[in-house]
Amino acid sequence: MTKKGYPKKRAVEVAMQHIENLFVQASHIAGQDENLATRYVVAARKIAMKFKLRLPSRLKRRFCNHCYRYLIPGKSLRVRVHQHRLIYYCLHCKHFWRKPLRKSG
């Protein structure tokens, strides 16, 4: 780490690769063991917090922001479209969040 407490560029790249790998492993194992997939998500979040990294939005949508469970549409996640919004509903903790749909035109 440098003087200000921020990690070096190479360490950040390695951390992002590790986070990506954890999400890939979580997606492969999610069908057999949801708890292990959730542990991978928690580990990825801890790495991101340690290196002060923001997770990309494509990864943020793969887990619940409330209980940190890995989300599988139809099994642990309900997705609905209502009034030009996507509504994600976690079936484990009952937390929901809305994402606006872009207008095409």
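Any read-out appearing in this document is the output of simple, stated calculations on the displayed coordinates, not a laboratory observation. Just so you know, these numbers come straight off a predicted model, no measurement behind them.
Note the full-extension length gain between residue 91 and residue 29 as 0.36 nm times their separation in residues minus their Cα-Cα distance, in nm to one decimal.
Full extension from residue 91 to residue 29 adds 20.4 nm.
Pairs 9/52; 75/99; 52/99; 60/94; 60/99: which exceed 23 Å Cα-Cα?
Distance filter (> 23 Å) returns 52/99.
Relative to the present Cα-Cα distance, how much length would full extension add between residue 16 and residue 80 at 0.36 nm per residue of separation?
Extra length available between residue 16 and residue 80 comes to 20.0 nm.
What are the radius of gyration and Dmax of the stretch 9-100, computed over its Cα atoms and given in Å?
Considering the stretch 9-100 through its Cα atoms, Rg and Dmax are 13.8, 44 Å.
Within the chain, what percent of beta bridges assigned by DSSP are antiparallel, to the nearest 5?
Numbers: 11 of 12 bridges.
Here the antiparallel bridges make up roughly 90 percent for the chain.
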